[in-house]
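Data first, discussion second: the structure below is written as structure tokens.
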Amino acid sequence: MTRSRPIVLVLAALVWPASVRAQASCGTCEHLCMWAPLLMSAEKTKQLFSNTDLVGGVDNVLQLDGAVNSAMGDWRSSLGEVSDSPCYRIIVKEFYDDDPLASSQLNDVVTHLPPSGNLLHVKYDDPKCPIEPATGKTKKEKDQAMKDLKERLCPALLDAFMTHEKVHQAQCKALWKKGAKAATNAFASPQTFAASEVKAYEAQIKVMRESMQKLIDRKQCQVSTHSIEDFAPPPKPDVDVQKALKMGKALEMINTVNAQSGGKK
Ligand SMILES: [Zn+2]
């Protein structure tokens, strides 16, 4: 019991990484430094769901989710300061004559990153497979949560997240054509679940990259000598598999305890 609290807090922090305040716009060149960490984060998540040691080492989807979240936390803390990030360095150098203090807009962007990850999901036990916000129980609460997301996220970012969910939705609908059992059983397997995430992240990453490219082209950001890879270098495949698996199992234990005590999270 004493161990459960810090773990829950860590996971909660991952769902809402750095955002406290709304940030609906994302149309300036400085916002490349909003897209960059989100793109890298999506690429890292895809990498983890593609990791056969991780996917093969869990007993169920809940453990896999916990393992991936834990590995994501380690990866994020390995990134260091925002001021060291490639995007920040490039923008400060090219836009602000190497003077970080001149970049209040950039500093505002990087210190108020929008939330990402686990914001939306597909309701697999419904034959219509609706996409809904992860928070809220009643329809009214869900509607409000969706409204909040639309206000908080810039449209292009919401679009990227929706693209991700539409991949799951299409798979869900296809499964329902085979029957309710097919739909509910398919995602009980970590392998199937992971494969679905990899596909969904691929689609999301494509939209994110297109949005970054559009921003560079439309706003004529003076970064012509740089590519998206310079702003958001592909994450290294490093992962402490054993630690992640341990954390995944811990998450499952916590959930079991929570369910037994009636306090379903
Ligand atoms: Zn997904």
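Three semi-axes describe the equivalent ellipsoid of region 21-86; taken as square roots of 5 times the Cα gyration tensor eigenvalues and ordered largest first, they are 29, 13, 10 Å. For region 4-260, the average shadow cast by the Cα convex hull is 14.4 nm², which is a quarter of the hull's surface.
Pairs of C-alpha atoms in region 92-216 farther apart than 20 Å represent 56 percent of all such pairs. The charge dipole of the chain, taken about its Cα centre with unit charges on the Cβ of Lys, Arg, Asp and Glu (plus for the first two, minus for the last two), comes to roughly 1340 debye. Rounded to the nearest whole Hz, the Karplus-based 3J(HN,Hα) values (6.51 cos²θ - 1.76 cosθ + 1.60, θ = phi - 60°) of region 126-134 follow the sequence 10, x, 7, 6, x, 8, 9, x, 6, with x at glycine and proline. Which of Asn255, Asn60, Asn107 moves the most in a Gaussian network model of the chain with Cα springs under 10 Å? Ranking Asn255, Asn60, Asn107 by mean-square fluctuation puts Asn255 first.
Over the chain, DSSP H runs of length four or greater, each weighted -39,500 (n - 2.57), average out per residue to a 222 nm ellipticity of -20500 deg cm²/dmol. Note on region 179-218: Rg/Rh from C-alpha atoms, Kirkwood Rh, equals 1.30. Under 5 Å from the amide H of His121 lie the amide H atoms of Glu132, Ala134, each residue being 5 or more positions distant or on a separate chain, with H modelled from the backbone and absent for Pro and chain starts.
If you build a Gaussian network model of the chain, linking Cα atoms that sit under 10 Å apart, which residue out of Ser77, Ser211, Ser50 swings the most? Answer for the Gaussian network model of the chain: Ser77. Compare Trp176, Trp35, Trp75 in a GNM of the chain, Cα atoms joined below 10 Å, and give the one with the largest fluctuation. Taking springs between Cα atoms under 10 Å, the residue moving most is Trp176.
For the pair Asp238 and Glu210, label points projected 7 Å from Cα toward Cβ lie 3.4 nm apart. Can you give the FRET efficiency to the nearest 0.05 for Met253 and Ser189, using r as the Cβ-Cβ distance and R₀ = 30 Å? The value I calculate is 0.90.
Every number in this text was worked out from the coordinates using simple rules, so none of it is lab data. Please read all numbers here as calculations on a predicted model, not as lab measurements. Counting neighbours? That spans all protein chains shown, and the Cβs are built from the backbone with ideal geometry, glycine included.
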